[in-house]
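Enquirer: I'd like to ask some things about the structure below.
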Amino acid sequence: MKAIIFDMDGVLVDSMSYHAEAWDVVLKTVGISIDRNIIYELEGANYRQVIDIILRQHGRVPTEAEIQELGHRKLMVFEQIEQVRPFDGIPELLETLKPKYKLAVVSGSNRKTVQTTLNTFFPDTFKVVIDGEETRIGKPSPEPYLRAIEKLDIPKSHCLVIENAPLGIRSAKSAGLCCIAIATYLTRDSLKEADFIVDNHGELERYLQTEAERENNKEHTQADTP
């Protein structure tokens, strides 16, 4: 393992409740009420995809003008209500990982939100950042993760993805990557396409420590072999 690629919302920071609330507020202005769980399930998709999927579910095909207007309004509401914070232990975990691995973020959130979040909580931590505006097609397409791999310049077999939602898991697996899922907002059953599932960030840290120890032991064994 030479690189670890993190989703941002729901993996690094506890933010999805604010995204769900912002979408709920904005969609109600166009006569659409949603179960906020749908936002958790669509986490990883960019704003264009979220608007298109939800409006089509309600029998409407959004125009480009509607997509831009609703996306802008959602960002404004989110910025007014958000009280985003890193999950407990994440800043410390990243500090221990940073000297050993190349770290990256692949997020469906807009560029401003991604940059603000990373600069506020994790400055100078990630070698590569792919936001929701980097690719026209977001998760579950493999394109965001393929773009990250290209920029990292590390073989897929040496990369690990940490995700927390079905679309992100599908994106990583479609890109040919190993994916660990963390059950922050959804049930384990919703994350079953991942290679491995952890229930919380403490369990994630233990998993990564175990993997690092296993690889170190393997390297020592190989070095001792004549």
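The values are calculated or read from the model by the stated rules, or taken from the named source; none is laboratory data. Note that this is a predicted model, so its numbers are computed, not measured. Counting neighbours? That spans all protein chains shown, and the Cβs are built from the backbone with ideal geometry, glycine included. We work out accessible area using only protein heavy atoms, side chains counted, and drop any ligands, DNA or RNA first. Shrake-Rupley method; radii C 1.70, N 1.55, O 1.52, S 1.80 Å.
Enquirer: Applying the selection to region 1-53, what residues are more than 19 Å from Val129 (Cα to Cα) and among the acidic types (Asp, Glu)?
Expert: Selection gives Glu21, Asp24, Asp35, Glu41, Asp52.
Enquirer: Then there is this: Between Lys98, Lys151, which is more than 23 Å from Tyr40 (Cβ to Cβ), touching a residue at least 40 places away in the same chain (Cβ under 8 Å) and open to solvent by 30 Å² or more (accessible area, probe 1.4 Å)?
Expert: That would be Lys151, the only listed residue that is more than 23 Å from Tyr40 (Cβ to Cβ), touching a residue at least 40 places away in the same chain (Cβ under 8 Å) and open to solvent by 30 Å² or more (accessible area, probe 1.4 Å).
Enquirer: Determine, yes or no, whether Glu193 is assigned to a loop (DSSP other than H, G, I, E, B), under 17 Å from the mean Cα position of the chain (by Cα) and in contact (Cβ under 8 Å) with a residue 24 or more places away in the chain.
Expert: In short, yes.
Enquirer: Here's a follow-up. Right, Leu103: touching a residue at least 60 places away in the same chain (Cβ under 8 Å), in contact with a helix residue (DSSP H, G or I) (Cβ under 9 Å, 6 or more places away or on another chain) and open to solvent by less than 80 Å² (accessible area, probe 1.4 Å) or not?
Expert: In short, yes.
Enquirer: What are the pairs with Cβ atoms under 6 angstrom where one residue, in region 162-174, is of a type outside the set (A, V, I, L, M) and the other, located anywhere, is outside any loop (DSSP other than H, G, I, E, B) and open to solvent by 20 Å² or more (accessible area, probe 1.4 Å)? Sequence gap at least six, or different chains.
Expert: Short answer, once both residue conditions are applied: Pro166/Ser190.
Enquirer: What is the residue count in region 113-148 for residues that are part of a loop (DSSP other than H, G, I, E, B), farther than 17 Å from Arg85 by Cα, open to solvent by less than 60 Å² (accessible area, probe 1.4 Å) and not polar (S, T, N, Q)?
Expert: Qualifying residue count, region 113-148: 8.
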